[in-house]
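Taking it in order: structure first as structure tokens, then the write-up.
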Amino acid sequence: MLRSEKNKKTLSDHRKSLQDLNKSYKESEEPEKQQLWEIINDELQDILKKYSLDFSKEQMKIFNDPIHGHIALHPLLVKITDTPQFQRLRHIKQLGGTYLVYPGASHNRFEHSLGVAYLSGCLVKILHDNQPELKITKQDYLCVQIAGLCHDLGHGPFSHVFDGLVIPKAKKNKKIRGLPDDIPEKWKHEQMSVQMFDDIVKSLKTENEDVLKEHGLDDTDVTFIKELIEGAKDSVAEWTYKGRAEDKSFLYEIVANKQNGIDVDKWDYFARDCHHLGIRNSFDHHRLLKFARVCEINGRNHICFRDKEADNVYDMFRTRYTLHRQAYQHKICNIIEEMFAEALVLADRDLHEGKPEDMLKISEAIKTAEEYSKLTDEIFEQISCSTAENLQESRNILDKIVRRKLPKFVGEARLTDKNISKEDLTETWIAAVQKYNPTDPTVSLNAEELPVYVVDLDHGMKDKNPIESVYFYSKRNPTQASSIKDYQLSSFLPKKFNEELVRVYYRRTDDLTAEDKMEEKKKLEEAEKCFQIWCTDNFGLPIDS
């Protein structure tokens, strides 16, 4: 018998006992007993209210989402969506530069955040209904949904382009120029999401000091939401988080799962991105939701899944790889995002020409949520439409993106040596270009015109098999979970779970004459031949076309 069935039987017994008690007290003529029953009844109503997830009396707002259909959001979540900090997400493309390659990928962080909030609630409700012993409260439910809603508040222009390319390039630029660098090392958008959520709470409290209290939340819940946004590291020996006690550790795995990467954030963007990109999604998050269950492992509660869902879980990780391979790390998407990042770094100070001297640079806007909230994808148009002379370089780069005057793709190869760095690759490539003897004597190659880029592709956990970090339970023993055994998985699964690709591009020259274009074509052909020789000499592999 399942634990939930045993629990239901126990609850049924308790209900009958209470009914008998109620009957005996009502039949009693002693006023003390009647008063005592009223106290008991009030206490029971308070408990029921705390642990019930029934929001039928609340004025829920319905959103028609293309992925999840009609979804209902709690009034407090609606208040959050109606703030400038959240509405800003309407102006940030979910997939950054990918939209400039895949015309359907026009969706924004706004609708993705609504989807994550919805799926967060779905997962919490399933755990609550199937395992009452977890004692999930209405406050837990609201906090997890709010965290899902606000987890991406901190994304910058073109999403991951900002924290993945612009900030590192700005830091490198400062180092080269010998300028003081106070940009935090390995800055991530989650840090800004927390700051912007704090700003939202302050603004809501300015309008109504008791806005959280009216919905049963307090400062501890605010702390909990911020911890959920950043995600809890499972490797910590002692439970140091303040939002919830250790017995609620499983709640920290719903929005940002640092344990194994299985969270509702991915479930939404897999479904949403595949829909808009036109890529098939083989992963079924609806099914996985039904088989989610909390089990205790090594003294801590984790979300686990039924053992028969192992292949579905692997499909999730495989979907991640497919999306990166076909879309996120597409050879043209990557170079467009590199160009956009370069334009932003060049415009770092000059975008604010004529504004007060204390106005922060683009890269330094991360210091305050107020300045950062002004950064959206509209910065592309701000630079493009500017007439300032000192933005000419940035404008030229953006103009090339618009006119599709992009670097030409020379070739791509899979690296076989894990330990080779980008610097070593670049050195060997420069040497190969210098050594290369063109078949056409009229052509000469210049390594500066042929930059090298390295792309990392994996299933979510670098070179590790992600399935090994997921816990599964069986139908016979749903209270105990463990890692899946090899014999329970398909023999068709890969033995290697990550790869590095090296790509070389040819930087085009502007305003070419017909004769120049012919010369460029010859140069590109020679570059491709040089690349093939370099791949054979260094990797022992033919290039991927």
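For the range 74-165, the helices (runs of 4 or more DSSP H) that sit wholly inside it and include 3 or more residues that are among the hydroxyl-bearing types (Ser, Thr, Tyr) are 109-130.
Candidates in the range 214-229 are the residues that are at negative phi and at pLDDT below 95; of these, the one that is surrounded by the most Cβ atoms within 10 Å (Cβ to Cβ) is 215. In a residue-by-residue description of the range 145-153, the property of being open to solvent by less than 10 Å² (accessible area, probe 1.4 Å), within 30 Å of residue 346 (Cβ to Cβ) and in contact (Cβ under 8 Å) with a residue 40 or more places away in the chain applies to at least one position.
All of (1) open to solvent by 20 Å² or more (accessible area, probe 1.4 Å); (2) under 16 Å from the mean Cα position of the chain (by Cα); (3) within 30 Å of residue 52 (Cα to Cα) hold for residue 240 with one exception: (2).
Name the single residue, out of those in the range 500-524 being among the hydroxyl-bearing types (Ser, Thr, Tyr) and open to solvent by less than 40 Å² (accessible area, probe 1.4 Å), that is farthest from residue 315 (Cα to Cα).
Within the range 500-524, the subset among the hydroxyl-bearing types (Ser, Thr, Tyr) is 505-506, 509, 513.
Checking which are open to solvent by less than 40 Å² (accessible area, probe 1.4 Å) leaves us with 505-506.
Values: 505: 32, 506: 36 Å.
Here the residue is 506.
Does the range 248-267 hold any residues that are under 13 Å from residue 122 (Cβ atoms) and either free of Cβ contacts under 8 Å to residues at least 24 places away in the same chain or of a type in the set (Gly, Ala, Ser) (or both), and which are they? Scanning the range 248-267 gives a single hit, 263. I'm trying to understand the selection: among the residues of the range 230-283, which are in contact with a Pro (Cβ under 9 Å, 6 or more places away or on another chain) and modelled with pLDDT of 95 or more? Of everything in the range 230-283, those that are in contact with a Pro (Cβ under 9 Å, 6 or more places away or on another chain) and modelled with pLDDT of 95 or more turn out to be 262, 272, 275, 276. In the range 382-393, the residues that are more than 14 Å from residue 361 (Cβ to Cβ) reach residues that are of a type outside the set (Phe, Trp, Tyr) and open to solvent by 60 Å² or more (accessible area, probe 1.4 Å) with C-beta atoms within less than 6 angstrom, at least six apart or across chains, in these pairs: 388/353; 393/346.
For the range 38-49, state whether one or more residues are open to solvent by 50 Å² or more (accessible area, probe 1.4 Å) and either of a type in the set (Gly, Ala, Ser) or at pLDDT 90 or above (or both). Scanning the range 38-49, I find no residue that is open to solvent by 50 Å² or more (accessible area, probe 1.4 Å) and either of a type in the set (Gly, Ala, Ser) or at pLDDT 90 or above (or both), so the answer is no. Highlighted here are the strands (runs of 3 or more DSSP E) found entirely within the range 409-499 that include at least 1 residues which are surrounded by fewer than 16 Cβ atoms within 10 Å (Cβ to Cβ) and aliphatic (A, V, I, L, M): 452-458. Against the test of being out of contact with any Phe, Trp or Tyr (no Cβ under 8 Å at 6 or more places or on another chain), among the charged types (D, E, K, R), closer than 26 Å to residue 289 by Cβ and in a helix (DSSP H, G or I), the options 227, 190, 214 yield a single qualifying residue, 190.
Quick test for you: out of 180, 157, 184, pick the one residue that is open to solvent by 10 Å² or more (accessible area, probe 1.4 Å), out of contact with any Gly (no Cβ under 6 Å at 6 or more places or on another chain) and under 17 Å from residue 375 (Cβ atoms).
Working: 180 fails: under 17 Å from residue 375 (Cβ atoms); 157 fails: open to solvent by 10 Å² or more (accessible area, probe 1.4 Å).
After applying the criteria, what remains is 184.
What helices (runs of 4 or more DSSP H) completely inside the range 276-355 contain at least 2 residues that are closer than 21 Å to residue 251 by Cα, in contact (Cβ under 8 Å) with a residue 12 or more places away in the chain and open to solvent by less than 30 Å² (accessible area, probe 1.4 Å)? Because the criterion is at least 2 residues that are closer than 21 Å to residue 251 by Cα, in contact (Cβ under 8 Å) with a residue 12 or more places away in the chain and open to solvent by less than 30 Å² (accessible area, probe 1.4 Å), the helices (runs of 4 or more DSSP H) in the range 276-355 that meet it are 285-290, 310-323.
The values are calculated or read from the model by the stated rules, or taken from the named source; none is laboratory data. All figures in this text were calculated on a predicted structure; none of them were measured in a lab. Cβ sites come from the backbone with ideal geometry, for glycine too, and all protein chains shown count toward neighbours. Side chains included, ligands, DNA and RNA excluded: accessible areas come from the protein's heavy atoms. Shrake-Rupley method; radii C 1.70, N 1.55, O 1.52, S 1.80 Å.
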